[in-house]
Amino acid sequence: MKKENLIIALDGIAEKEALKIARILKGKVWGSKVGDLLYEDSSIIRKLKKFGHVFADVKLHDIPNTVANSVKRLSYAGADMITVHASGGVPMMKAAKQNAGRSKILAVTVLTSQNNKNTKRNVTKLAQDAIDAGLDGVVCSGRELKALKGVRGIKSMIKVVPGIRPVWYSKKDDQKRTITPHEAIRLGADYLVIGRPITKAKSPLKALNEL
Ligand code: C5P
């Protein structure tokens, strides 16, 4: 695994703590991912950029015009990657892409906290929509990477995989479709998103090294 593949999810922690973790992990990972912290203040993007790239995981899902406006703001704030929900439809995803500036737009397929018998089919259908809309990548669980290989145009898409659970971290938390980092890389993930196993560790640096 390369350090460039790792994105640290900074969820449920205060800004001060998030910046501290980002500083400790500077140069050792691709960067960090923010979601809930953005609701406090989007200037967190600029602050985190001192320590690496920033992924604004806002999972936008609205009419095309509203999504376009949100993407414009996040792109202006410096987000390197921004998420939209693929279920928002192709016109919504196109509007996001057209207003993304230099930011990459990724489509969230099915949340890794969900699992039912149609998940695989839904993920491949939503990934196809994201490709048709001209997006840069998709977010899916590692368990669908194999099925995705059969989707036309998937090769050039960035594949981001959350729900990463190392063997030494026994908790699933709220995640259902989990996978080990080793398996996700083997199946073709470009980036791994990992949060609690690192951010809740006594020493995030030690946990990262173990990873
Ligand atoms: O703490 P944990 O490693 O479970 O964090 C995973 C992160 O990935 C969370 O920030 C969550 O919002 C995000 N995510 C996910 N499933 C998706 C898309 C994003 O778990 N499909």
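Would you pick out the residues in the stretch 1-30 that are assigned to a loop (DSSP other than H, G, I, E, B) and more than 14 Å from VAL193 (Cβ to Cβ)?
Step one: of the stretch 1-30, the residues assigned to a loop (DSSP other than H, G, I, E, B) are 1-2, 10-14, 25-30.
Passing the criteria: LYS2, GLY12, ILE13, ALA14, LYS26, GLY27, LYS28.
Using the structure shown, decide if ASN5 is within 16 Å of the ligand (Cβ to nearest atom), at pLDDT below 95, in contact with a Phe, Trp or Tyr (Cβ under 7 Å, 6 or more places away or on another chain) and within 30 Å of HIS182 (Cβ to Cβ). So that I can check it myself, show each step before the final result.
On the way: within 16 Å of the ligand (Cβ to nearest atom): yes; at pLDDT below 95: yes; in contact with a Phe, Trp or Tyr (Cβ under 7 Å, 6 or more places away or on another chain): yes; within 30 Å of HIS182 (Cβ to Cβ): yes.
When the stated conditions are applied, ASN5 passes them.
Please work out which residue is modelled with the highest pLDDT, limiting yourself to the stretch 150-205 and to residues that are at positive phi and out of contact with any strand residue (DSSP E or B) (no Cβ under 9 Å at 6 or more places or on another chain).
Going residue by residue through the stretch 150-205, those that are at positive phi are 153, 163, 173, 188.
Pick out the ones that are also out of contact with any strand residue (DSSP E or B) (no Cβ under 9 Å at 6 or more places or on another chain) and you get 153, 173.
Details: GLY153: 96, ASP173: 91.
Filtering the stretch 150-205 for residues that are at positive phi and out of contact with any strand residue (DSSP E or B) (no Cβ under 9 Å at 6 or more places or on another chain), the one modelled with the highest pLDDT comes out as GLY153.
In the stretch 100-125, what count of residues is obtained for those that are within 16 Å of ALA184 (Cβ to Cβ) and among the polar types (S, T, N, Q)?
Final tally of qualifying residues: 2.
Tell me, yes or no, whether the stretch 31-45 has at least one residue that is in a helix (DSSP H, G or I), touching an Asp or Glu at 6+ places or on another chain (Cβ under 9 Å) and away from the ligand (no atom under 16 Å from the Cβ).
no
The values are calculated or read from the model by the stated rules, or taken from the named source; none is laboratory data. For clarity, every value in this text was computed on a predicted model and none was experimentally measured. Glycine also receives a Cβ, built like all others from the backbone with ideal geometry; neighbour counts cover every protein chain displayed.
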